[in-house]
Every structure is written in C-alpha cells, then in structure tokens.
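The values are calculated or read from the model by the stated rules, or taken from the named source; none is laboratory data. Remember, predicted model here, so these are calculated numbers, not experimental data. Please note: Cβ atoms are built from the backbone with ideal geometry, for glycine as well, and neighbour counts cover all protein chains shown. Please note that ligands, DNA and RNA were not included when accessible areas were found on the heavy atoms of the full protein model with its side chains. Shrake-Rupley method; radii C 1.70, N 1.55, O 1.52, S 1.80 Å.
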Amino acid sequence: MTGRIQPPVSGPSFGANPSFADLLRDSRPEIAGTPRSIASTDVPVPHGTTVLGLKYADGVIMAGDRRATSGYTVADAKMRKVFAADDYSAIAIAGAAGQAIEMVKLFQLELEHYEKITGDRLSLEGKANRLAQMIRSNFPLAMQGLVVVPLFGGFDHATGEGRIFYYDATGGRWEEDDYQATGSGSQPAKNSLKKRWKTGLSRDDALRVAAEALIDAAEDDSATGGPDAIRGIWPVMVIVTAEGASDVPEDEVAAAVESVLASRGGNT
C-alpha cells in the first residue's frame, strides 16, 4: 500500500518480545539504566540446605531437613523445604530461601491455573519442563548469588510409576531413575542413598532410607539440621502415589528416625 508509514525498526526480531521494558533496554539502554549487581555478601540471605527424592514401589518420596542458614548462623530451625506442587507431584527446594519459596508458590499457582483454564491436568513431563523454564528465568539472580536448585517428583499415570527430575541453576533438566539429592549436604546424602536404596522398597523401608540419608547429611554438613526430639523438629516428607500427594504424618517420620538411630545404638 502506497503511503504506508513503515515503523523505524531494525533487525528481524521486532515484535517477537511484547515486553516494553525489554524493548527500551535494547534500544535505549541509557534511559533504562542498569540495575546495580547485588553480591551475595551484600545482605545476609537465608539458604535452605539438603533435600532428596527417591523412588519406591508405589511412587516417590521427597524429603528435606528443616534448617536454613545465613552464613554461619542458623536463620531458621524449622523451615519447610518440601511441598506438594499439585495433586500428583511434589517439589523440594534448596538455595536462596526467599526466592525458592516464591518460585514454589508461583509454580503451584501456574499448575492450578492451567488446570482451570484447560480443564485438564498438565502431564508430569510438562510440569518438569515448566519448572525448568522458571529456573532459567531466575538465572540473572542466580549469577548474583540467589541460586535456587529444586528437585521435582511425581506419579506419572501414563507410565504407572513415580519419576524424579533434577536441575541445575541454568534450568538444565535431567531425570533420575532411582534417587537424587541437592543442597549443601547432597553428597553425604547421596552416599547414604547409594548404600541403602534398592528397587521396590516398601513405604516403611523408603521412609527409613530417606531419614537415614538426612541424618548422614547432618553429621557431615554443618548447614544441614538433624532431627531434634526435644524441640519436636523432624524432617518433612511428602509421598506421591497413584492416589495423590500427601504429607507423611510426623509420627511416621519420627518412627523412621528413631529406627535409624536405634540401629546405631543411639537415641534422639
């Protein structure tokens, strides 16, 4: 059409991103400005530590200790790090506590919103991919020290089994066939799981294996909190089966911990 005014645009990417802030940042960075980088040492940021997930006969168990640290200080002795994401999946968080909790809340909301809009539940694979995108979008903050690295697990009705996914700070996603741990105490936890985990664990055995891995992590990692019967501090565990996701009752968790300690000749 003659006389049509062509927009003053350069490059093929015009219109690909609807964000005005991104357009302003790309075209006039002197106006948008650059936010000051925040080093992780500028402010004390509580961090969640050890979480793990393992498959068992009926699904998956996600578990975590309760301690959050800020440097060498215990910021919170009763922090919850394991949550049901929706009816058939669970997420366990490690890293910058505030950022991680916000990511969990947004993830839960997105899964609920998707189900309400479409009338169908997102597949477990789709949930894992969406979480990877959210971690990737957090990468600029991760470069400033606010790293969030969760574990994700759930029951896949398409395959009839539990599945576990783990991530890195860039949003890279991998699936684990047996067990996985992340956080500051992840290495001793995985060493314990390597010795105790086996295919087809019963529910009680799986709870005991998860409890033992967290106890081993607490013994080797100062940032991981061990169980404390005097103050009633026990690990948080969420179990996901074909029937759904639910918290493991505290008395069952305490019994698993007591069983592990009794086998070592100790007590809480």
Q: Scan segment 75-113 residue by residue and report those that are under 17 Å from Thr241 (Cβ atoms) and assigned to a loop (DSSP other than H, G, I, E, B).
A: Asp87, Tyr88
Q) Under the condition of being among the charged types (D, E, K, R) and touching a helix residue (DSSP H, G or I) at 6+ places or on another chain (Cβ under 9 Å), which residue from segment 116-147 is least open to solvent (accessible area, probe 1.4 Å)? A) Lys127
Q: Could you tell me whether segment 170-188 includes any residue that is under 15 Å from Ala94 (Cα atoms), among the aliphatic types (A, V, I, L, M), modelled with pLDDT under 95 and surrounded by 13 or more Cβ atoms within 10 Å (Cβ to Cβ)?
A: no
Q) Between a first residue in segment 55-76 that is under 19 Å from Val238 (Cβ atoms) and open to solvent by 70 Å² or more (accessible area, probe 1.4 Å) and a second residue that is at pLDDT 95 or above and part of a strand (DSSP E or B), which pairs have beta carbons less than 8 Å apart while being 6 or more apart in sequence or on different chains? A) Asp58/Gly162; Asp58/Thr241
Q: Might you let me know whether segment 148-168 holds any residue that is in contact with a helix residue (DSSP H, G or I) (Cβ under 6 Å, 6 or more places away or on another chain), at pLDDT below 95, open to solvent by 10 Å² or more (accessible area, probe 1.4 Å) and of a type in the set (A, V, I, L, M, F, W, C)?
A: no
Q.
Leu207 - would you say it is in contact with a Pro (Cβ under 6 Å, 6 or more places away or on another chain), at pLDDT 95 or above and either crowded, with 20+ Cβ neighbours inside 10 Å or not in a helix (DSSP H, G or I) (or both)?
A. no
Q.
Kindly evaluate Asp251 against the criterion of being free of Cβ contacts under 8 Å to residues at least 40 places away in the same chain, of a type outside the set (Val, Ile, Thr), crowded, with 16+ Cβ neighbours inside 10 Å and in a helix (DSSP H, G or I).
A. no
Q.
Which condition from (1) open to solvent by 10 Å² or more (accessible area, probe 1.4 Å); (2) assigned to a loop (DSSP other than H, G, I, E, B); (3) within 23 Å of Phe165 (Cβ to Cβ) is the one that Gly226 breaks?
A. (3)
Q.
Under 8 Å between Cβ atoms, which residue pairs at least 6 apart in sequence (or on different chains) link something in segment 186-206 that is closer than 16 Å to Met237 by Cα with a partner that is assigned to a helix (DSSP H, G or I) and among the acidic types (Asp, Glu)?
A. Ala189/Asp216
